[in-house]
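Student: One structure, as C-alpha cells, below. Some questions next.
The values are calculated or read from the model by the stated rules, or taken from the named source; none is laboratory data. The shown structure was predicted, so the numbers you read here are calculated from the model rather than taken from an experiment. Glycine gets a Cβ as well: all are built from the backbone with ideal geometry, and neighbour counts include every protein chain shown.
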Amino acid sequence: MNVTRGLPHKAVDPGRRATGSRRLAAFTFLFFTGMWLSKTVQPLYFERHGHLVAFGLSYTAMAVAGTASVFTGRLADRWGSRPVFLAGTLLYAAGMALRVVHALPVVAVVSGFVAGLGASGIFIAIRTWIVHHVAEEQRAGVVARREFMNHAGMALGTGAAGALVALAGGDDRGYVFVLLLAAGCVLAAALAVPPDRTAARPGSGTAPGDKAGPGLLQTLRGNRALACGVVGTGLLMGFYVSLLTPYLPLLLKERGVPLELVGVVLAAAGLSRLTAAALAGPVLRRRPPLRVFLLSESACAVATLVLALAVNPWTAAVVLVLRGVFLLGATVSQELLQLSAFPGAVAGAFFGLVQSAFLAGDALGGAVGGWLYQALGSDRTVLVATALTAANAVLVPMFYGRLGARTSETGKEPAHVPG
C-alpha cells in the first residue's frame with residue numbers, strides 16, 4: 001500500500017512557530033496539570049477510606065483500555081485529530097470526576113476504563129495533529145515545547161495537590177474538591193484544542209471527516225515490516241521502563257539516600273527533564289534525531305549501570321538526575337523518528353500501535369518486576385534493565401535507519417528518516 005506522510009517537504013523556517021502550536025502547548029499544560037492533580041490525590045483518597053483494592057482495579061481498567069489505542073488511532077486517521085481530541089478530553093474528564101466515588105468497585109472500574117479510553121485518544125490526537133499540521137523542520141521545536149508543558153503541568157499538579165487538599169479543609173471535602181478541580185482543568189483544555197485543517201489532509205487523499213480508507217488489518221498488513229518493528233520496540237521499552245521506574249524510590253533508599261531526601265532527588269530529576277525540554281528544540285533542529293536517540297539512550301544505559309553499581313548515595317542521586325536529561329532526549333528524538341517514519345494517512349493507527357505495545361510491555365514488566373527484585377535483588381534487576389536499555393539504544397536506530405533506506409529504494413513513503 002503506497003501511502004504518504006503528513007506534510008510534503010518544503011522549505012520552512014524552523015524557528016517560526018507552527019500555526020496552532022500555542023494552542024497545543026496550552027492544551028498540554030492544562031491536561032497534564034489536571035492529570036497529576038488527580039493522580040496524586042486519588043490513591044491518598046482511596047487509602048483514607050481503606051479502598052485501595054478499588055483503586056487497583058481502576059488503575060488496571062485504565063491500562064486495559066489503553067491497550068486498545070490502535071483502534072482509537074485508526075479513528076483519528078479517518079475522522080481527523082480534532083474530534084478525537086474533543087472526545088478524549090470529555091471521556092477523560094468524566095472518568096476523573098467518577099474518582100470521587102471510592103466505595104463501589106464497579107464505579108472504580110468504569111472510571112478507569114473511561115479515563116483510559118480518553119487518555120489514549122488524547123495522546124494519539126496530539127501526535128497525529130503534529131503529523132498533519134507541522135512541517136518536518138518545525139517538529140523538533142513543537143515536540144520539545146509540548147514536553148516542557150507536559151513536565152511543567154506534572155510539576156504543578158504534584159506540587160499543588162497536597163496544599164489544595166489542606167486549603168479546602170483537609171477532610172473528604174478537600175479530596176473531592178481537588179479531584180473535581182482536576183477534572184475541570186482537563187475539561188477546560190477542550191477550549192485550547194488546536195483546529196484541524198479544513199482542506200484535505202496532505203497525503204491522505206481524504207478530507208477530515210471522510211470515512212473512506214482501508215481497514216485496520218489491511219493497513220497493518222500493507223505496512224508489515226513497520227508494524228512488526230513498532231510492536232517489538234514498544235514492548236521492549238515498556239518492559240524495561242516498568243522494571244525500573246516504579247522502584248526508583250526503593251533503589252535510592254537502598255543506596256543510602258536518607259528517606260526524607262528521596263522525594264527531593266526525584267523532584268530534582270523531574271526538574272532536570274523540564275530544563276532539558278526547554279533546551280531540546282534548538283539542539284534537535286541542529287542534529288539528526290537518529291543520532292540524538294543513539295547517544296541519549298546509550299547514556300541512559302550507562303547511567304542505569306552506574307545506579308546499579310553505586311555504593312555512594314550521592315553518586316546514585318546525581319546519576320539519577322542526569323538520567324532525567326538523557327531520558328528526555330531519547331523520548332523526544334524517538335517521537336521525531338516516528339513522526340517522520342509513519343505514513344501520514346495511517347499515522348494514527350501506528351501511534352496507537354506504539355501505545356498498545358508499550359502498555360503491554362509495561363504490564364508484563366509490572367507483573368514480573370516485583371518477583372525479579374525479590375528473587376535477584378535490586379542490583380541484578382537493575383543490571384537486567386541496563387542490558388535492555390542498551391539493546392533498545394541499538395535496535396531503535398537500526399530499525400528506523402533500515403526503514404528509511406528501504407523506503408527510499410522502493411519509492412514509497414516514508415521516504416526520509418532523519419539520521
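Student: I'm trying to understand the selection: among the residues of the stretch 265-289, which are under 19 Å from the mean Cα position of the chain (by Cα) and β-branched (Val, Ile, Thr)?
Tutor: Listed by number, the list holds a single entry, THR275.
Student: Looking at the stretch 347-387, which of the residues that are farther than 13 Å from GLY234 by Cβ and under 19 Å from the mean Cα position of the chain (by Cα) is modelled with the lowest pLDDT?
Tutor: Restricting to residues being farther than 13 Å from GLY234 by Cβ and under 19 Å from the mean Cα position of the chain (by Cα), the top hit is GLY366.
Student: (1) without any contact (Cβ under 8 Å) to a residue 60 or more places away in the chain; (2) part of a helix (DSSP H, G or I): which one isn't true of GLY50, the others all being true?
Tutor: So the condition that GLY50 fails would be (2).
Student: Looking at ALA278, ALA310, ALA301, which is the one that is crowded, with 21+ Cβ neighbours inside 10 Å, at pLDDT below 90 and either outside the structural domain of ALA155 (by TED's automatic domain parsing) or not hydroxyl-bearing (Ser, Thr, Tyr) (or both)?
Tutor: ALA310
Student: Turning to a different aspect of this structure: What number of residues within the stretch 136-177 are surrounded by 19 or more Cβ atoms within 10 Å (Cβ to Cβ) and more than 19 Å from LEU44 (Cβ to Cβ)?
Tutor: The total comes to 16.
Student: Being of a type outside the set (Lys, Arg), touching a residue at least 40 places away in the same chain (Cβ under 8 Å) and surrounded by fewer than 22 Cβ atoms within 10 Å (Cβ to Cβ) is the filter; apply it to the stretch 31-44 and report the residue that is nearest to PHE85 (Cα to Cα).
Tutor: THR40
Student: Being surrounded by 22 or more Cβ atoms within 10 Å (Cβ to Cβ) and under 25 Å from PHE351 (Cβ atoms) narrows it down to one residue among ARG82, ARG74; which is it?
Tutor: ARG74
Student: Also, I was wondering about something else. Only one of these is buried (at least 18 other Cβ atoms within 10 Å of the Cβ), closer than 26 Å to GLY56 by Cβ, assigned by TED's automatic domain parsing to the domain that holds LEU309 and not small (Gly, Ala, Ser): LEU364, LEU372, LEU353. Name it.
Tutor: LEU372
Student: Hand me the list of helices (runs of 4 or more DSSP H) wholly inside the stretch 242-337 holding 2 or more residues that are polar (S, T, N, Q).
Tutor: Where helices (runs of 4 or more DSSP H) fall fully within the stretch 242-337 and carry at least 2 residues being polar (S, T, N, Q), they are 259-286, 289-309.
Student: Residues being touching a helix residue (DSSP H, G or I) at 6+ places or on another chain (Cβ under 6 Å) and closer than 21 Å to VAL332 by Cβ: count how many of those fall in the stretch 243-269.
Tutor: 3
Student: Name the residue that is surrounded by the most Cβ atoms within 10 Å (Cβ to Cβ), counting only residues in the stretch 313-345 that are among the β-branched types (Val, Ile, Thr) and under 17 Å from ALA144 (Cα atoms).
Tutor: VAL332
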